[in-house]
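Enquirer: Sharing a structure here in structure tokens format.
The values are calculated or read from the model by the stated rules, or taken from the named source; none is laboratory data. It should be emphasised that the depicted structure is a prediction, and the values quoted were computed from it without experimental measurement. Methodologically, a virtual Cβ is constructed for each residue, glycine included, from the backbone with ideal geometry; neighbour enumeration extends over all protein chains shown.
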């Protein structure tokens with residue numbers, strides 16, 4: 001198993017499918033979990049989970065949540081934040097609203 005963390009920044013408040021609240025603008029950590037694919041002659045990994053780390057604010061300061069998200073939903077939220085049109089996934093539909 002391999003974990004990587006990246007930081008994304010939203011300039012505006014945003015919503016994510018599958019979550020019933022608005023998230024404030026700011027920087028967020030994205031945690032990605034990948035599993036190693038065995039039996040190959042080279043090192044390869046497959047993404048098994050993606051989480052958005054949300055830091056508590058106000059009375060919840062000091063608390064964190066790891067919210068499951070899809071790469072597609074994160075990409076769409078970032079594009080919306082930057083004023084770019086959402087990308088359609090290969091089958092011609094928008095990303096699912098069900099978190100993986």
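Enquirer: Filter segment 25-43 down to the residues that are surrounded by 11 or more Cβ atoms within 10 Å (Cβ to Cβ) and more than 15 Å from the chain's Cα centre (by Cα) and list them by number.
Expert: Across segment 25-43, the qualifying residues are 35, 36, 37.
Enquirer: Looking at (1) exposed (fewer than 13 other Cβ atoms within 10 Å of the Cβ); (2) within 23 Å of residue 83 (Cα to Cα); (3) out of contact with any helix residue (DSSP H, G or I) (no Cβ under 8 Å at 6 or more places or on another chain), which is the one condition that is false for residue 11?
Expert: (3)
Enquirer: Same structure, new question: Return the only residue of 41, 87, 93, 50 being within 24 Å of residue 2 (Cβ to Cβ), part of a loop (DSSP other than H, G, I, E, B) and either out of contact with any strand residue (DSSP E or B) (no Cβ under 6 Å at 6 or more places or on another chain) or at pLDDT 85 or above (or both).
Expert: The conditions single out 41.
Enquirer: Exactly one condition in (1) exposed (fewer than 15 other Cβ atoms within 10 Å of the Cβ); (2) part of a strand (DSSP E or B); (3) at pLDDT 90 or above is not met by residue 65; state its number.
Expert: Going through the list (1) exposed (fewer than 15 other Cβ atoms within 10 Å of the Cβ); (2) part of a strand (DSSP E or B); (3) at pLDDT 90 or above, residue 65 breaks only (3).
Enquirer: Could you please tell me which pairs satisfy a Cβ distance under 7 Å, a separation of 6+ or placement on different chains, a first residue in segment 40-66 that is under 21 Å from residue 27 (Cβ atoms), and a second residue that is modelled with pLDDT of 85 or more and in a loop (DSSP other than H, G, I, E, B)?
Expert: The qualifying pairs are 50/70.
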